[in-house]
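Following: one structure in C-alpha cells, then a few remarks.
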Amino acid sequence: MKEVKVNLGNRSYPIYIGSDLIANTQAYENLIKTDQVLVVTDSNIEPMYLTGVLKALNSFDADSYILPPGEDQKNLTNLNNIITELLTRRFSRTGCLVALGGGVVGDLTGFVAACYQRGIQFLQVPTTLLAQVDSSVGGKTAVNHPMGKNMIGAFHQPCGVLADVGVLKSLPDREYKAGIAEVIKYGLIRDPEFFVWLEDNIDALLELQPQALEYAIERSCINKAQVVAEDETEKGVRAILNLGHTFGHAIETGLEYSSWLHGEAVGLGMTMASYMSHLMGWLSEEDHGRIVKLIQRAGLPDKLPTQLQDVDLRELMSVDKKVSHGRLKLVLLKSIGEAVVTDTFDEDVIARTINTYR
Ligand code: GLY
C-alpha cells in the first residue's frame, strides 16, 4: 500500500492507495477515531461493495444510507434527508460519515458532514478513477442549485481517503477513460516528468495494470495534495486544477449535462486550452501535438459534439464560476508542466480555438 499525506496542519490526513483496501478493517480502524459510523452510498455501488465495507467496519456501530445514482442526487433535498436520518439515529457530533462512491456521493456526503452540527468527520472511499485522483482529495464539498453546479458548498477536509485500485475494474470503460483526463491534467499543469511517464505508459493504464495504476494515482494525489496544501481555499494557485474546465463546463452546459461525462468534456477542454496556448505563442506546435496525441490515445473526444455546432460556446463560458468581476479567467499552458491563470487574451484567439474544434 502507498500513502500520500495532505499537509494541512491539524486537518492533515493520509490517502491510502492500493489493492483490497475497500474491505480492509485495519485501514478503517487507522482512519476513523469514533465508534458511530454511517456509510452513504448509491444503489449502483451497494450490491458490489457495501456488504464488504460494513463487514470491515464490524468493530464500529455502523449502518448505511442508500441514494439513487446520478448527478441530480446532489441536491438540498438529499442533504436534508440524510440529516434527518442522522438526527433520527441520534448520530453524535463525534460520529463519522463514510462516502462510498464516486464524486456525487463524495461531494454530497462531505457537505452533509460539513453542515451536521457545524461539522463532523467523514472518510472518502472513492470508487471511480476521477474521484480517486481529484474530487475525494482537497475538501471541496457541495450540492447543486438549479441555477448552477456546486453552487452551495463548503471546504471541509475528510479524515482520510481510501483509494482501492481494484474497484476500478468494475467501472464502465468510458467512465474509466474520463478519469484518465484528470490524471493527464497533473502532468500538464505541474509535472512534466509525469507527462512523459504517461506518454510511455498510457497503454498499461488502459489495460488497468495494477502497478501502473497505483503509480498514476499516487503521483496524481501527490500533485493534488501539494497544490491543496499551498492554497486550500483557492485564493490563487489551486485554480490551475481547473485546466480545461472552462471549455469543459461550456460543453457540459451546452449538452445539458446529458451525453458527455465530466472527464470527457475536461479532456477536450484541455486540448482546446492547449491549442489556445499555442496560438498565444506559449506552447510549441510540437508540444501541442504531444498533448493532442496523448488525450486521443486515452480514448477521449477530440472534437466538439455535433449538437453544439450552432451553440455559442463563448457565451456559455461566461457563466462559468471562474468569471471574476466580469472578466473570464482561463487556465492555459506556458509549456508542458507549467500552467498560468490569465484574464488577458484576445477574443479572437478564443473564437479561433472554438472554431478549430467544431
Ligand atoms: N477539482 C478541483 C479542485 O479540487 O480544486
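Some values worked out for this structure:
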| read-out | value |
| --- | --- |
| For the stretch 119-206: rounded, prolate or oblate by the Cα gyration tensor [a/c cutoff 1.5] | prolate |
| Spatial separation of Cα centroids for the stretch 114-152 and the stretch 226-268, in angstrom | 15 Å |
| Accessible area per residue, Å², the chain with all protein chains present, probe 1.4 Å | 42 Å² |
| Residue 338-residue 318 FRET efficiency (beta carbon distance; Förster radius 30 Å; 0.05 resolution) | 0.70 |
| Gain in span if fully extended, residue 230 to residue 170, counting 0.36 nm per residue against the direct Cα distance | 18.2 nm |
| Antiparallel DSSP beta bridges within the stretch 93-204, percent to nearest 5 | 40 percent |
| Apportionment of accessible area to carbon and sulfur, the stretch 216-263, percent (1.4 Å) | 49 percent |
| Three-way shape label, the stretch 251-300, alpha-carbon gyration tensor, a/c 1.5 | oblate |
| Difference of contour (0.36 nm per residue) and Cα-Cα distance, residue 257 to residue 309 | 17.1 nm |
| Subset of 224/329; 169/235; 185/235; 169/329; 55/224 violating a 29 Å alpha-carbon distance limit | 169/235; 169/329; 55/224 |
| Between helix 262-279 and the chain: long-axis angle, C-alpha atoms, 0 to 90°, nearest 10 | 30 degrees |
| Electrostatic dipole magnitude of the stretch 154-213 [Cβ: Lys, Arg +1; Asp, Glu -1; Cα centre; debye, to 20] | 240 debye |
| Nearest-ten-degree value, helix 347-356 long axis tilted from longest Cα axis of the chain | 80 degrees |
| Cleavage-rule hits, GluC sites (Glu not before Pro), the stretch 239-308, DSSP coil, Cβ neighbours within 10 Å at most 15 | 256 |
| Carbon + sulfur, % of accessible area of the stretch 69-182 - ligands and nucleic acids excluded, 1.4 Å | 53 percent |
| Among beta bridges that DSSP assigns inside the chain, antiparallel share in %, nearest 5 | 45 percent |
| Prolate/oblate/rounded label for the chain (Cα gyration tensor, a/c 1.5) | prolate |
| Simple Cβ-charge dipole of the chain, Lys/Arg +1 and Asp/Glu -1, about Cα centre, in debye nearest 20 | 820 debye |
| Dipole magnitude of the stretch 1-114, debye to nearest 20 (Cβ charges: Lys/Arg +1, Asp/Glu -1, about Cα centre) | 400 debye |
| Folded to 0 to 90 degrees: helix 103-115 orientation relative to the chain principal axis, Cα | 60 degrees |
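The values are calculated or read from the model by the stated rules, or taken from the named source; none is laboratory data. Remember, it's a predicted structure, so these values are computed and weren't measured experimentally. Positions of Cβ are generated from backbone atoms using ideal geometry, with glycine treated the same way; all protein chains shown enter the neighbour counts. Heads up: the accessible areas ignore ligands, DNA and RNA and are worked out on the full protein's heavy atoms, side chains in. Shrake-Rupley method; radii C 1.70, N 1.55, O 1.52, S 1.80 Å.
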